[in-house]
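Here, each number is a calculation from the coordinates, and none is a lab measurement. Since the structure is predicted, the reported quantities are computational estimates derived from the model, not experimental observations. Positions of Cβ are backbone-derived with ideal geometry, glycine not excepted, and every protein chain shown enters the neighbour counts.
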Amino acid sequence: MKIGIDLGGSHIAIGVVNNENKIIEKKEKHLTNEEKRNIKENIEKYIIESINELKTKNSIESIGMSVPGTICENKILKSVNLGIKEEYNLQEKIEQKLNIPTKVKNDAKCAALAENKIGCLKGINRTLFITLGTGIGGAIIINGKLLDTGKYPGIEIGHMIVEKNGKKCKCGKQGCLEQYASMKALKNNLRKELGLTQKTRGEELLRIIRNNKEENENYQKIESTIEEFIEYLAIGISNLINIFEPEAIGIGGSFVYFEDVLLERLRKKIVTDKLLFNNREDLKIFSAVLENDAGIIGATLE
Ligand SMILES: [Zn+2]
């Protein structure tokens, strides 16, 4: 058995994963604001206590962790979601306390591995996986293995420049893809165009898009906001297709909820809009299917 841990900004999930990549037992905890103030200590305490308990019933051969942030050789260099700004060696702490081999990987890479093994990209040899949410992350998997980018995290899809002198990105560069084509960018642009407050939730925006009809007052605004989002996303993805020629692409993150209004439109744009070097009418794009389990399962793979 292996243990997979999905670390989030306010939630920790720990699962025991069997040899068929199924979660057979799961423990979860929500971090309170009080606990978040001392996040490292509370993460370590919960992980160690939980695994000590799980260990009594299961023989655990290894631990894997899925972490939202920049990971380099198992060390967390920074994680905005966890509020960690300096290098943090969680792996070493867990290994020392539990004496079980432990690995730490970026959450988008974990999700990609899981979707590749048992999810939407199962059985496909050359795949590109993209997480589309607040930011844009991803992974390239060839014959079941993550593309090796050496000592650097790599595959910074969200920070591909698509606009010279474009919008300023939190990474310090200008014109990064995620400023135009993340779900956050789409939602913010829709709110702005429609005069809605920041509090308007994704579900409400989705409902508005689904009900958008030509006779509606805001039809054109919604239509052009979505079209612009699709254009930028198609440019970013087609650049990757031209380089890697994946057989199929998987997309996760909050994009999944908007699948019915975005996915086919995106595929059409990529395939028919003169963005690709080769004719890729055969290109398949799937929505991720594993939801919250992807982190736990992916953390135990490779
Ligand atoms: Zn950037």
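Here's the picture: charge each Lys and Arg Cβ at +1 and each Asp and Glu Cβ at -1 in segment 2-100, and of I39, Q91, S66 the one pushed furthest to the positive end of that dipole is I39.
Sequence gap at least 6, Cα distance under 8 Å: using those rules, report the relative contact order of the chain to the nearest whole percent.
Numbers: 553 pairs, mean separation 62.3, N = 302.
Relative contact order of the chain: 21 percent.
Any idea how far the Cα center of segment 225-257 sits from the one of segment 105-135, in Å? The distance from the Cα centre of segment 225-257 to that of segment 105-135 comes to 14 Å. Sorting 198-211, 45-58, 229-242 by average packing, meaning the other beta carbons within 10 Å per residue, from highest down gives 229-242, 45-58, 198-211.
Order the peptides 189-196, 71-78 from the highest to the lowest mean number of other Cβ atoms within 10 Å of their residues.
Details: 189-196: 15.1, 71-78: 16.9.
Ranked from most to least packed, the peptides come out as 71-78, 189-196.
Over the chain, DSSP H runs of length four or greater, each weighted -39,500 (n - 2.57), average out per residue to a 222 nm ellipticity of -12000 deg cm²/dmol.
Which log10 I(q)/I(0) values does segment 2-100 give at q = 0.12, 0.24 Å⁻¹ under the Debye formula, counting every alpha carbon as one identical point scatterer? Evaluating at q = 0.12, 0.24 Å⁻¹ gives log10 I(q)/I(0) of -0.37, -1.41. Using a cut-off of 22 Å between Cα atoms, the listed pairs K36/K93; K26/K105; K78/K109; K199/K221; K55/K93; K145/K269 include K145/K269 as exceeding that distance. Computed from the alpha carbon atoms alone, the convex hull of segment 111-287 holds 129 Å³ per residue. When its C-alpha radius of gyration is set against 2.2 N^0.38 Å (N residues), segment 1-47 gives a value of 1.26. The radius of gyration of the Cα set in segment 197-302, together with its Dmax, comes out at 16.0, 52 angstrom. Output the 0 to 90 degree angle, nearest 10, between the alpha-carbon long axis of helix 183-194 and the longest principal axis computed from the alpha carbons of the chain. Roughly 40 degrees, rounded to the nearest 10.
Within a straight-line Cα-Cα reach of under 18 Å, K274 can be paired with the following lysines, leaving aside sequence neighbours fewer than 8 residues apart in one chain: K284. Annotation: Cα Rg of segment 84-164 relative to the compact-globule expectation 2.2 N^0.38 Å equals 1.28. Dipole orientation for the chain: of the candidates L7, N242, L132, L7 has the Cα lying most toward the positive pole (charges on Cβ; Lys, Arg +1; Asp, Glu -1).
Rounded to two decimals, what ratio of Rg to Rh does the chain give with C-alpha atoms and a Kirkwood Rh? Don't skip to the end; give the middle numbers.
Numbers: Rg = 20.0 Å, Rh = 20.3 Å.
Ratio of gyration radius to Kirkwood radius: 0.99.
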